[in-house]
Amino acid sequence: MHEGKIIKFYRERAELTQDQLGLGICSDTHISKIERGITDYSQEVLDLLCVRLGISMQCELAKFSSIKKRLYDWHDAIVKQLSAEMETIKSELEQEALLQISEYETLYLLLQAKYLLLKNQAETALRILNRIRKTAVRLPDFESNLFKHVEGLYHISKQNHVEAITILKTINDKEYNNPEYFHHLAMAYHTMRSEVMAYFYAEKARNFFKEINCFLRVIDAEMLMLIQVQDDPQHDFKEVIARFENLIQSCDMCNAPDRKAKIIHNLAYEYLRRKDYQKSSSLYLQSMELKSPRTLPYLLSLEGYLRSCFKGILLQAGELERLAQVGLTDAKALKDPVFILLFTMLLLLINGKEAEYYQYMNEEALPVFRKFGYVYLIRRSEQQLFHYYARTGNTEAALRMGHYLIEDHDIL
């Protein structure tokens, strides 16, 4: 059957008709049946057809049979986030013409979409997903679950964590056999401030990464687990800090500056929560130095840095405003609605426009935070609005916001 597909592929590439290919060898009807794999043919006929096409069937069959292995090798490299290996296999597969006639083309496209999401190219990945969606109900079990996994990753990249959780939880473990998706479930639950579920899935992911000896991903999972226990009274703050520092050292040993940047960012947040603005601002700055400017991870640390500096009165108002404006400009260029809101609010705060700040937070920001399921930002906004309304004598609004806070707490 593969021989027929290969004959047809190279015949069409050579722009030959079936009649032209079979001239002096066999009829065009026989060529048609060979290509469809519905007839027998002699080795002599096959050899003559290959000579005319200028191919070695043995070599072509070897390439054809290696496609599946290389695709799973690529999948493995993407799971382990081995950059050099990922790029090498990607280049090999891009040069493999037979991919488009193999039964693994959909698997290739799904892995391509997953790779693109890893490279922050969400819109290109979405185009691939939309192309596959038309026939998704007919996908084999593994590809069907991989489609759900990649779709969940897309929603995480677009900050739609509620939808990501809904999709990822439909994955069938027995059919998929790739527990990496537990890590992505943990990420989504973390953003939703569901600490128990985030810890549960992060631990499952860590165990998987240990099994496949992928230390870089173990660091990712352990960082997620650590973040979930920050408010646990059984964990002393000094112990938490020591664990953060151990993870930072692990990143240095593995030469993983991107992961180090994330861990330092999360450590900065721990100090910000405890109102140590000098320490938090310093750590946010360190995290920014390890990130590429004008990216979402950079803007995340920039927002934390500016908030620390504002609260700790560590920068002049003019410099705060300049940096916040840079953040807003970059957020608009990246078309990210959440960061546009965050930097707009920072600018209002820096310029002393308190009433406008809280009005914008209530009318513009909070609905978007709720839409995307950013529980931390929802709770922070509701708490700030509650205290503002109570302080300014707006009892009705304060009671309404207090009701939201209680309701959110019950849900969590």
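Could you tell me which of V150, L283, A77 has its Cα farthest along the dipole of the chain towards the positive end, charges placed at Cβ (Lys, Arg +1; Asp, Glu -1), taken about the Cα centre? Checked the options; the winner is L283. Residue separation of Q383 and V196 scaled by 0.36 nm, minus their Cα-Cα distance, works out to 65.1 nm of gained length. Kirkwood radius for the chain, taken over all pairs of different Cα atoms as the inverse mean of 1/r, rounds to 24.8 Å.
Taking Cβ atoms as reference points and 11 Å as the exclusive limit, the residues near S281 contribute a net charge of +2, counting Lys and Arg as +1 and Asp and Glu as -1.
Between R36 and N394, the contour length at 0.36 nm per residue exceeds the Cα-Cα span by 121.2 nm. Set the bar at 26 Å for Cα to Cα. Now go through K68/K158; K8/K68; K80/K174; K291/K311 and name every pair that lies beyond it. The answer is K68/K158. Using the average count of surrounding beta-carbon atoms within 10 Å as a protection proxy, the listed peptides 318-326, 35-43 rank, highest first, as 318-326, 35-43.
Taking each DSSP H run with n ≥ 4 as -39500 (n - 2.57) and averaging over every residue of the chain yields -24000 deg cm²/dmol at 222 nm. In a DSSP loop and with at most 15 other Cβ atoms within 10 Å, the GluC sites (Glu not before Pro) in region 36-136 are E103.
Sorting the segments 126-137, 282-293 by their mean number of nearby beta carbons within 10 angstrom, highest to lowest, gives 282-293, 126-137.
Just so you know, all these numbers are worked out from the coordinates, no wet-lab data involved. None of the values given here were measured: they were computed from a predicted structure. Note that each Cβ is placed from the backbone with ideal geometry, even for glycine, and that neighbours are counted across all protein chains shown.
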